Amino acid sequence: MRMRPDPSSGFPGRTYRFYDGSVIFPFGHGLTYSAFAMQEVPCPEGEVEEGSSSSSSSSSSSFEWRNKMVHLTTRSVEEPEGEVELGRVCVKVTNTGPRAGRIVLLGFLSPPENEGEGAPRRSLRAFGGVELAPQETAVAVMSFMEADVSLADAAGVFQRVLGEWVLEMEELRVVVPVM
């Protein structure tokens, strides 16, 4: 089955990675009994344990890390030995609704604009869920490795793509520079 779009035949492409038309229900759409707000925040220095609270503050911001930490899964297979973290994005998620609720966080990564024909429009690179009481906040931490920002060239060899990738979570858009 063809997945990539084919301009010569007018085939629009299949799956969320290539399709460019309007959608009725976005990928991951579902019901929740609450409302949530998201905001990018500076990441703490060093390692942060999942479920822990950190009270260190970042030098670039006055945001205090006194929230529940949630590490999102960024791949379904073991990381190759020696692969280095290229970057980290932290997102503060707050339950703004009147009751407890669960949200599934889906992080889609889009390659730089000029990436050429055949490149996916976006790919699911991070996911995870968190349950929050009313007005409770958690911080989702997404670490990106070289495999997350690599695309296959014409010969099928994966290469790191330099430029400004874009991370999307719900309405939040964060630019992730890859050098």
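The values are calculated or read from the model by the stated rules, or taken from the named source; none is laboratory data. The structure presented is a predicted model; accordingly, all values stated were derived computationally and were not measured. Every residue, glycine as well, gets a Cβ built from its backbone with ideal geometry; the counts of neighbours run over all protein chains shown.
Considering every residue within region 88-105, establish whether at least one is surrounded by fewer than 16 Cβ atoms within 10 Å (Cβ to Cβ) and of a type in the set (Ser, Thr, Tyr).
Taking region 88-105 first, the residues surrounded by fewer than 16 Cβ atoms within 10 Å (Cβ to Cβ) are 88, 96, 98-100, 102, 104.
In the following step, the residues that additionally are of a type in the set (Ser, Thr, Tyr) were identified as 96.
Checked region 88-105: at least one residue is surrounded by fewer than 16 Cβ atoms within 10 Å (Cβ to Cβ) and of a type in the set (Ser, Thr, Tyr).
From Gly118, Gly107, grab the single residue that is at pLDDT below 85 and within 30 Å of Pro7 (Cα to Cα).
Details: Gly107 fails: at pLDDT below 85.
When all the criteria are applied, what remains is Gly118.
Pairs needed: first member in region 152-173, on the phi > 0 side of the Ramachandran plot and in a strand (DSSP E or B); second member anywhere, among the aliphatic types (A, V, I, L, M) and surrounded by 14 or more Cβ atoms within 10 Å (Cβ to Cβ); C-beta distance under 8 Å; at least 6 residues apart or different chains.
Gly163/Val178
Please pick out the residue among Ala138, Ala147, Ala126 that is surrounded by fewer than 18 Cβ atoms within 10 Å (Cβ to Cβ) and either among the small types (Gly, Ala, Ser) or within 24 Å of Pro5 (Cα to Cα) (or both). It would help to see each step written out before you state the result.
Numbers: Ala138 fails: surrounded by fewer than 18 Cβ atoms within 10 Å (Cβ to Cβ); Ala126 fails: surrounded by fewer than 18 Cβ atoms within 10 Å (Cβ to Cβ).
The unique qualifying residue is Ala147.
This table checks each residue for (1) assigned to a loop (DSSP other than H, G, I, E, B); (2) closer than 17 Å to Ala37 by Cβ.
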site	(1), (2)
Gly87	no, no
Leu106	no, yes
Gly118	yes, no
Arg121	yes, no
Leu124	no, no
Glu131	no, yes
Ala138	no, yes
Val176	no, no
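Kindly indicate the residue of region 119-138 that is farther than 20 Å from Val41 by Cβ and of a type in the set (A, V, I, L, M, F, W, C) and also nearest to the chain's Cα centre (by Cα) among those meeting that condition.
Here the residue is Leu124.
Looking at region 139-179 only, could you name the residues that are of a type in the set (D, E, K, R) and under 18 Å from the mean Cα position of the chain (by Cα)?
At the first step, the residues of region 139-179 found to be of a type in the set (D, E, K, R) are 146, 148, 153, 160, 164, 168, 170-171, 173.
Of everything in region 139-179, those that are of a type in the set (D, E, K, R) and under 18 Å from the mean Cα position of the chain (by Cα) turn out to be Glu146, Asp148, Arg160, Glu164, Glu168, Glu170, Glu171, Arg173.
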